[in-house]
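The values are calculated or read from the model by the stated rules, or taken from the named source; none is laboratory data. Values in this document were obtained by computation on a predicted structure and should not be read as measured data. Methodologically, a virtual Cβ is constructed for each residue, glycine included, from the backbone with ideal geometry; neighbour enumeration extends over all protein chains shown.
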Amino acid sequence: MSTGEVRERMAEEINLLRQLVDLATAKKEALFENNLEALREIVEEEEKTLAVVESFQRADYAETLASTELQDFIQERAALLARLKEINLLNQQLLEDALAVVAYSLKLIHGEEENNLYGSSGKVKTVGSQSVFNWRG
């Protein structure tokens, strides 16, 4: 691989990582705004970009480039990957929080199978389902 090809390949990899960071940030905003359509589009674009990133074969850049140029590339790539990981962890937490709210809402609507409450004697007693809605009519 020539020096020009290696530089081009490294620039393409950095650009793809920047795109992934931008998509992760957009995903965070869509999660905050509860915009499911935008979230779907972002995930589709993210999958396409990841497919391109995964198609990259790890080449040995050290043989072709000067050490300072290689170090700059490695540092920038590491910074982008760290930022991407940070945003994705936040997005994961947002999704987990949203799922917890949905699960809580479903429990309120349908009632729990059994509610264990403390009775007047201080012992736990099992009470039947207490749904927000009266499903019996």
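Here region 85-100 is the region considered, the condition is being more than 9 Å from the chain's Cα centre (by Cα) and modelled with pLDDT under 95, and the residue that is nearest to residue 11 (Cα to Cα) is 96. When the residues of region 46-60 are filtered to those that are among the charged types (D, E, K, R) and either surrounded by 12 or more Cβ atoms within 10 Å (Cβ to Cβ) or modelled with pLDDT of 75 or more (or both), the one that is nearest to residue 13 (Cα to Cα) is 54. Count of region 83-100 residues, restricted to those that are touching a residue at least 24 places away in the same chain (Cβ under 8 Å) and either hydrophobic (A, V, I, L, M, F, W, C) or surrounded by fewer than 11 Cβ atoms within 10 Å (Cβ to Cβ) (or both), is 6. Does residue 113 qualify as being modelled with pLDDT under 85, closer than 30 Å to residue 2 by Cβ and out of contact with any Phe, Trp or Tyr (no Cβ under 9 Å at 6 or more places or on another chain)? For residue 113, the condition - modelled with pLDDT under 85, closer than 30 Å to residue 2 by Cβ and out of contact with any Phe, Trp or Tyr (no Cβ under 9 Å at 6 or more places or on another chain) - is not met.
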